[in-house]
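This report refers to the structure that appears directly beneath it.
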Amino acid sequence: MSKKFFQHTSLWLSLGTVLVIGLWPIVTHNALNRETAFTVLSAVALASSLNILLGYTGYVSFGHVVFFGFGGYVGFYTINVLGWNIWMAMLAGGIAAALLAYLLGVAILRLRGAYFALATIGINEAVRAFINNFAPFGGPTGMTLNFKVYKAYGGAMHALQLVFYIMVGLTLIVTILSYWVRTSKFGLGLLAIREDEDAAEVMGVITPSAKNWAFVLSAIIPGMVGAIFFFKNGTIEPGLAFPLRTSIEMIVMIMLGGQGTVLGPILGAAGYQAMRDYLLVSPLFKNLQLAISGILLLLIVLFIPRGLVGWLRQRYPKVRRWLI
Amino acid sequence: MILQVQGVTKRFGGLQALTQVTFDLPEGQILGLIGPNGAGKTTLFNVIDGVYKPEEGRVIFLGEDVTGKKPYYLAKKGLARTHQIVRPLNELSVRENVMVGACFGHAGANLNTAAKIADEVLDLLGLAPKANALAGSLNVAQKKRLEMARAIASQPKLLLLDEVLAGLNPSEIASMVKTVRAVRDRGITIIMIEHVMSAIMNLSDRILVLDFGKLIAEGTPEEIANNEKVIQAYLGDPKLAERLMKGE
Ligand SMILES: Nc1ncnc2c1ncn2[C@@H]1O[C@H](COP(=O)(O)OP(=O)(O)OP(=O)(O)O)[C@@H](O)[C@H]1O
Ligand SMILES: [Mg+2]
């Protein structure tokens, strides 16, 4: 095998993992599997996006679901009120999330460590409260899609299918984006910021703009995922769009698989979702799943702070070159 | 003049860390900066490279007033420095650390070029065997050389070295002194803070002496070694300087 191919091993591994998850329901012809795969893929897309900020840049956002919710609302609005199609709505959701991230970044990316994390929680709550009172978006009751909307896609069945394919596509795109960032010059600057922001600045990394771009890049795909998620869901309301729990779960997934690596968040998200599905059907654990996420996070931080992929990299220095 | 520092004053609360510091630095020289602990040497570096903004005075680098400009602006313009307390990017490899300097500093290299520059500079500093190790795994002497490698890889016009010899054993000092000379021979102007007198006396074209934030003397190594004020403030033993000059 050529050296070039080997050099990109983690990209192939990552894309392969996403493809396996995406093809599984298609091969098995099973609608239930498709639902599961959709949930796993959206988790992968969200976790890989947040990883650009949390894993590469070292800024922990506890409110990242705000981009999913905001993109979801904007996308939903364009479909429901403006009559746009799902592609345009998805684009609108992504752009809305990116703009929100840009503005927020200017305001809060100068904060460091715990202060930044606290600010992100505050922002999620503030946006939720705003939308709760924003009449065009339906206020506290939200919006419900007119069922006729699905007709344009050949009925609800076909719309669901289409949404699934879009989700597979988005997840592949975010994987490539994540890999590109990790291996680019821009990404090297982010890693330097993560390791020591002041030293990075002294070495010439233009930290304010690098951080802001990382924030924007980490927000676009979640905004798009939100748009298609709520298109599929048929209704949107503040409680569904901005659950703090999802933010925390994204962090657990990244930590589980390995922050700052390309493959880690993908494996972490898939593994976490599998575990969660298992817990959800088990009567004993059904009500304890959030507590279990918390304990899991604690255990990861205590015993494998670098996550699965990070641990492998540390344990086997030889794989470090290609397992990223 | 590559650098002009004019009437720089820096305060931390009530503490006057620098008072009206003024000097010019012509291109191609090695300027030694000495003085007792807490004299303000590191603070002067931090003012020059934009980490701190001075309360008064100006810093002119390559003919441009850069007072209050951000460190990354100065880095891109051609300034590089090492830190007295090393700041390795621990979770990155040694090569990647050096590539950060090459990519984002004055060299402005792309990743491929940066990798080449890094390997060349790591060779110069004897760190080549460690290129793939994580920076956090190096010992202190190696981390000092890594600081230096990152700075050199940015291909600066002016290099600020903050106690790169401290904590090194005599043979490590000898090799570092050689490296500093090699860097100067590449046409890079250098200011170096150092407590190791024999080295600074040997290397410097000129020396500045800071004491309690004020410049108390300026001159050739010989003039400094025989300067009454300097001997009182810093060197202590009047014969010490003489012996140092002879390299004993
Ligand atoms: N960020 C800061 N905040 C408050 N005081 C500071 C700060 N940085 C330096 N100082 C103080 O300014 C004075 C000068 O410190 P500086 O580090 O410049 O000394 P130095 O000459 O480099 O000493 P050394 O030889 O020990 O490195 C010291 O009294 C120090 O405590
Ligand atoms: Mg100092």
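The values are calculated or read from the model by the stated rules, or taken from the named source; none is laboratory data. Keep in mind that what you see is a predicted model, and the values were worked out from it rather than measured. Note: ideal-geometry Cβ built from the backbone for every residue, glycine included; neighbour counts use all protein chains shown.
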### Message
Against the definition (hydroxyl-bearing (S, T, Y) and within 30 Å of A:K318 (Cβ to Cβ)), how does B:S137 come out, yes or no?
### Response
yes
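Could you tell me which of the residues B:L62, B:L127 is hydrophobic (A, V, I, L, M, F, W, C) and within 25 Å of A:S184 (Cα to Cα)?
The conditions single out B:L127.
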### Query
Just wondering, is there one or more residues in the stretch B:33-43 that are within 11 Å of ligand 2 (Cβ to nearest atom), surrounded by 19 or more Cβ atoms within 10 Å (Cβ to Cβ) and of a type in the set (D, E, K, R)?
yes
### Query
What pairs come up if the first residue lies in the stretch B:187-198 and is without any contact (Cβ under 8 Å) to a residue 40 or more places away in the chain and more than 14 Å from every other protein chain (Cβ to nearest Cβ), the second is within 14 Å of ligand 2 (Cβ to nearest atom) and not aromatic (F, W, Y), and their beta carbons are under 6 Å apart, counting only those six or more places apart or on different chains?
B:V196/B:L165
### From the options A:I236, A:I220, residue that is in contact with a strand residue (DSSP E or B) (Cβ under 7 Å, 6 or more places away or on another chain), at pLDDT 95 or above and away from chain B (no Cβ under 14 Å)
A:I236
### Message
With assigned by TED's automatic domain parsing to the domain that holds B:H195 and more than 19 Å from B:L138 (Cβ to Cβ) as the only criterion, which of B:G105, B:G63 stands out?
### Response
B:G63
### Task
Any residue in the stretch B:68-83 that's within 8 Å of chain A (Cβ to nearest Cβ): show its pairings with residues that are of a type in the set (F, W, Y) at Cβ separation under 7 Å, as long as the two are six or more apart or on different chains.
B:A75/B:F104; B:R81/B:F45
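Kindly indicate whether B:G78 is out of contact with any His (no Cβ under 6 Å at 6 or more places or on another chain), away from ligand 2 (no atom under 16 Å from the Cβ) and among the small types (G, A, S).
Working: out of contact with any His (no Cβ under 6 Å at 6 or more places or on another chain): no; away from ligand 2 (no atom under 16 Å from the Cβ): yes; among the small types (G, A, S): yes.
The answer is no for B:G78.
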### Qualifying residues in the stretch B:166-198 (those that are among the aliphatic types (A, V, I, L, M) and touching a strand residue (DSSP E or B) at 6+ places or on another chain (Cβ under 9 Å)) - the one nearest to B:Q16 (Cα to Cα)
B:I193
### Query
Could you say whether any residue in the stretch B:232-248 is under 25 Å from B:T43 (Cα atoms) and modelled with pLDDT of 80 or more?
no
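Could you tell me how many of the residues in the stretch B:46-64 are part of a helix (DSSP H, G or I) and either more than 10 Å from every other protein chain (Cβ to nearest Cβ) or away from ligand 2 (no atom under 16 Å from the Cβ) (or both)? Don't jump to the end; show me each part of the working.
Our first condition is that a residue be part of a helix (DSSP H, G or I); within the stretch B:46-64, this holds for B:46-48.
The next check asks that each one be either more than 10 Å from every other protein chain (Cβ to nearest Cβ) or away from ligand 2 (no atom under 16 Å from the Cβ) (or both); those that pass are B:47-48.
Result for the stretch B:46-64: 2.
If you scan the stretch B:108-120, which residues turn out to be within 21 Å of B:Y72 (Cα to Cα) and more than 9 Å from chain A (Cβ to nearest Cβ)? Steps first, answer last, please.
Initially, the stretch B:108-120 is screened for residues within 21 Å of B:Y72 (Cα to Cα), giving B:108-111, B:113-115, B:117-118.
The answer is B:T113, B:A115, B:I117, B:A118.
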### In the stretch B:1-60, the residues that are within 8 Å of ligand 1 (Cβ to nearest atom) and among the hydroxyl-bearing types (S, T, Y)
B:T42, B:T43, B:Y52
### Query
Hey, any hits in the stretch B:226-239 for a residue that's within 14 Å of ligand 1 (Cβ to nearest atom) and assigned by TED's automatic domain parsing to the domain that holds B:L25?
yes
### Query
Which ranges mark the helices (runs of 4 or more DSSP H) fully within the stretch A:247-324 that have 2 or more residues being in contact (Cβ under 8 Å) with a residue 60 or more places away in the chain and touching a helix residue (DSSP H, G or I) at 6+ places or on another chain (Cβ under 6 Å)?
A:263-281
### Task
Please tell me if B:L161 is within 16 Å of ligand 2 (Cβ to nearest atom) and within 14 Å of chain A (Cβ to nearest Cβ).
yes
